[in-house]
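These notes are about the structure you will find just below.
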Number of protein chains: 6
Amino acid sequence: MPYVNIKITDEGVTAEQKAELIKGVTDLLVKVLDKNPQTTVVVIDEVSTDNWGIGGETVTVKRNKK
Amino acid sequence: MPYVNIKITDEGVTAEQKAELIKGVTDLLVKVLDKNPQTTVVVIDEVSTDNWGIGGETVTVKRNKK
Amino acid sequence: MPYVNIKITDEGVTAEQKAELIKGVTDLLVKVLDKNPQTTVVVIDEVSTDNWGIGGETVTVKRNKK
Amino acid sequence: MPYVNIKITDEGVTAEQKAELIKGVTDLLVKVLDKNPQTTVVVIDEVSTDNWGIGGETVTVKRNKK
Amino acid sequence: MPYVNIKITDEGVTAEQKAELIKGVTDLLVKVLDKNPQTTVVVIDEVSTDNWGIGGETVTVKRNKK
Amino acid sequence: MPYVNIKITDEGVTAEQKAELIKGVTDLLVKVLDKNPQTTVVVIDEVSTDNWGIGGETVTVKRNKK
């Protein structure tokens with residue numbers, strides 16, 4: 001019955017990688033807490049680098065500095 | 001003053017259906033808790049079926065199995 | 001498969017009222033979008049009036065003004 | 001280490017305005033709570049006016065009434 | 001830089017289990033997406049069984065039926 | 001109409017500091033985006049240090065290392 005929300009920047013994550021995240025988080029909840037995978041929900045939000053800030057700057061600005 | 005977030009898969013939900021969800025949830029909070037509808041906020045997130053997992057699989061994979 | 005999060009102030013909401021909210025939201029998603037109630041998750045967060053702001057003030061301050 | 005999520009309607013917010021929100025929220029957390037800006041995360045979600053409800057109506061409908 | 005929110009029912013989860021979830025999710029994001037663990041944030045919300053609904057019922061009611 | 005959620009660790013934040021955060025975020029949204037403060041909602045979640053992870057560790061463990 002757990003609900004997991006994963007927020008990451010929108011930078012070319014593939015459907016396979018998303019499937020791997022969903023499988024991995026679900027397995028973890030089964031292993032650690034014996035949760036029922038059939039009602040374990042995982043939602044991935046991909047966020048534009050303009051909309052994600054860390055250290056007071058957007059990730060877009062951070063990436064351009066490198 | 002309540003805040004409600006509804007997350008659903010992005011599968012052709014119409015503007016009319018969204019309006020019906022918003023109206024229905026707001027009415028429910030007025031009825032059950034006597035909340036003020038004028039400050040009741042409802043936000044609907046539509047999530048790609050690649051980004052929604054249940055039972056350790058994406059909804060995309062689940063839909064393709066049927 | 002929808003996930004709904006309801007945030008309300010923590011002001012004496014009863015278990016019966018919470019059950020009524022959960023039933024009402026689930027029924028609404030079945031009616032409007034034909035969702036499967038068995039995998040519809042509703043989570044209610046009760047938030048202290050010190051931690052809820054509207055109009056730039058906490059609800060605690062707003063309540064005391066009345 | 002704080003995490004802040006700002007949800008606004010998707011109505012032409014510029015990259016500069018988003019950067020200003022991220023800077024402003026991060027500075028506020030440093031000033032009020034002495035948080036470390038390097039691990040302060042801010043995520044902005046822009047939501048379609050069809051998907052945002054207040055007063056039981058979508059913002060799309062509200063805007064059209066004006 | 002990812003942010004992960006795990007919501008589970010509040011049913012005696014130990015500090016060790018929470019640490020295991022945090023470690024497991026962080027490792028998964030490093031492995032699948034090569035994310036930096038130092039800025040990967042995981043927040044666990046424990047929700048009262050009265051406040052968690054599935055199938056239109058609270059978990060409290062579901063547990064009592066068994 | 002914006003909705004802002006601030007998540008911080010539960011480490012003795014005072015009601016005055018919370019009020020200052022709420023005022024500051026609301027003012028910021030008025031200044032940057034000309035939002036209406038009367039419908040701007042801010043919710044602060046205080047999270048136990050056992051339930052907050054960064055760098056793959058709980059904040060409790062991090063604090064004890066210092």
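The values are calculated or read from the model by the stated rules, or taken from the named source; none is laboratory data. Just so you know, these numbers come straight off a predicted model, no measurement behind them. Heads up, the Cβs are rebuilt from the backbone with ideal geometry, glycines too, and the neighbour counts pull from every protein chain shown. Areas reflect the complete protein model, heavy atoms only, side chains present, ligands, DNA and RNA absent. Shrake-Rupley method; radii C 1.70, N 1.55, O 1.52, S 1.80 Å.
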Can you sort A:16, E:20, D:57 by 1.4 Å-probe accessible area, starting with the largest?
A:16, E:20, D:57
Checked against the positive end of the charge dipole of chain A (+1 on Cβ of Lys and Arg, -1 on Cβ of Asp and Glu, about the Cα centre), the farthest of A:1, A:12, A:53 is A:53
With respect to the axis carrying F onto D, what is the closest chain F residue by Cβ position, and how many angstrom separate it from the axis?
F:5, 2
Using a 1.4 Å probe on the protein chains only, how many percent of the accessible area of segment C:3-65 belongs to carbon and sulfur?
47
Under a point-charge model restricted to the Cβ atoms of Lys and Arg (+1) and Asp and Glu (-1), what is the dipole moment magnitude of segment F:3-65 relative to its Cα centre, in debye to the nearest 20?
160
Which value, in Å² and to the nearest 10, is the accessible area of residue D:23 when all protein chains are kept and the probe is 1.4 Å?
100
Give the residues of segment B:3-34 whose amide nitrogen is closer than 19 Å to a point set 7 Å from the Cα of residue B:66 in the direction of its Cβ.
B:7-14
For chain C, the Rg and Dmax computed from alpha carbons only, in angstrom:
15.0, 45
Taking each label point as 7 Å beyond Cα in the direction of the beta carbon, state the distances from residue B:31 to the same residue in the other copies, shortest first, in nm.
0.6, 4.4, 4.5, 4.5, 4.7
Distances in nm from residue D:66 to the matching label points in the other copies, shortest first (labels 7 Å along Cα to Cβ)
2.9, 4.0, 4.0, 4.6, 5.2
Based on alpha-carbon atoms only, what is the radius of gyration of the protein assembly as shown relative to the globular estimate 2.2 N^0.38 Å?
0.93
Using the crude model of +1 on Lys and Arg Cβ and -1 on Asp and Glu Cβ, and no other charge, please compute the dipole size for the protein assembly as shown relative to its Cα centre, in debye to 20.
0
Just to confirm the numbers: residue A:20, label point 7 angstrom along the Cα-Cβ line, distances to the other copies in nm, shortest first?
2.4, 4.1, 4.1, 4.5, 4.9
Over what distance in Å are the Cα centres of chain A and segment D:11-50 separated?
19
Calculated from DSSP helices alone, with each H run of at least 4 adding -39500 (n - 2.57) and the total divided by the residues of chain F, [θ]222 nm to the nearest 500 comes to -12500 deg cm²/dmol
